[in-house]
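One structure is given below, encoded as structure tokens.
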Amino acid sequence: MKRLATYVGTLVLSATLSGCSLHPLYAGGSSSSVGSVLGEVEIAPVAGKHGWLVVNALRDRLPSSGAPAIYRIEIHLDDQISGFGVRTDDSISRERRTLRARYQLIRIDDNSVLLDAASGSDIGIGIDPSEYSTVAAENTALERLSQIIADQIVTRIALYARNMRAMSVEHTTRRLK
């Protein structure tokens with residue numbers, strides 16, 4: 001009986017979800033409108049170690065179409081470390097590393113800004129009496145933050161590309177009526 005109830009519940013749930021308006025963001029892979037936009041993006045150089053890490057993380061996530069770039073991402077980063085835990089001897093016991101990115105998606109041919117957004121994240125770091133382990137933890141935090149920022153940037157550009165296509169289809173449909 002319990003198995004039948006589970007089966008019926010699954011059928012009802014699948015029927016309900018099939019009627020919703022959710023669509024996969026990357027449906028169609030690299031040949032989709034989102035995939036083609038992501039494949040036409042070049043990344044402007046960013047100074048510093050944090051810039052190098054973010055640019056490499058973006059290169060790992062953006063497909064390479066081999067075609068000339070139509071868009072460029074310009075990124076400005078703010079990397080800060082602040083202490084917030086204090087021991088009884090007034091030494092810092094925890095730090096917070098924060099990486100914030102302000103980025104713009106620019107159409108290369110006319111330098112128009114299509115998307116101006118910001119993203120960021122932070123990570124807590126436990127401070128060890130060993131200076132070496134603290135530096136290693138700070139570097140590991142920066143590497144992780146770079147990955148998070150790159151994920152946020154690619155997702156935001158993908159959403160922009162999907163919405164741009166939806167607006168284009170809606171505009172074309174209105175003109176045809």
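Of note:
- Listing of strands (runs of 3 or more DSSP E) fully contained in the range 25-138 that carry 3 or more residues being in contact with a Lys or Arg (Cβ under 6 Å, 6 or more places away or on another chain): 71-86, 112-126
- Within the range 59-103, tally of residues that are at pLDDT 95 or above and within 15 Å of the chain's Cα centre (by Cα): 10
- Contacts under 6 angstrom Cβ, first residue in the range 63-91 being within 19 Å of VAL41 (Cα to Cα) and small (Gly, Ala, Ser), partner modelled with pLDDT of 85 or more and part of a loop (DSSP other than H, G, I, E, B), 6 or more apart: ALA69/GLU40
- Selection from the range 40-97 of residues that are surrounded by 14 or more Cβ atoms within 10 Å (Cβ to Cβ), of a type in the set (Asp, Glu) and closer than 15 Å to LEU145 by Cα: ASP79, GLU95
- Identity of the residue in the range 131-154, surrounded by fewer than 17 Cβ atoms within 10 Å (Cβ to Cβ) and among the β-branched types (Val, Ile, Thr), that ends up nearest to SER119 (Cα to Cα): THR140
The values are calculated or read from the model by the stated rules, or taken from the named source; none is laboratory data. Values in this document were obtained by computation on a predicted structure and should not be read as measured data. Using ideal geometry, Cβ is built from the backbone for each residue, glycine included, and neighbour counts are taken over all protein chains shown.
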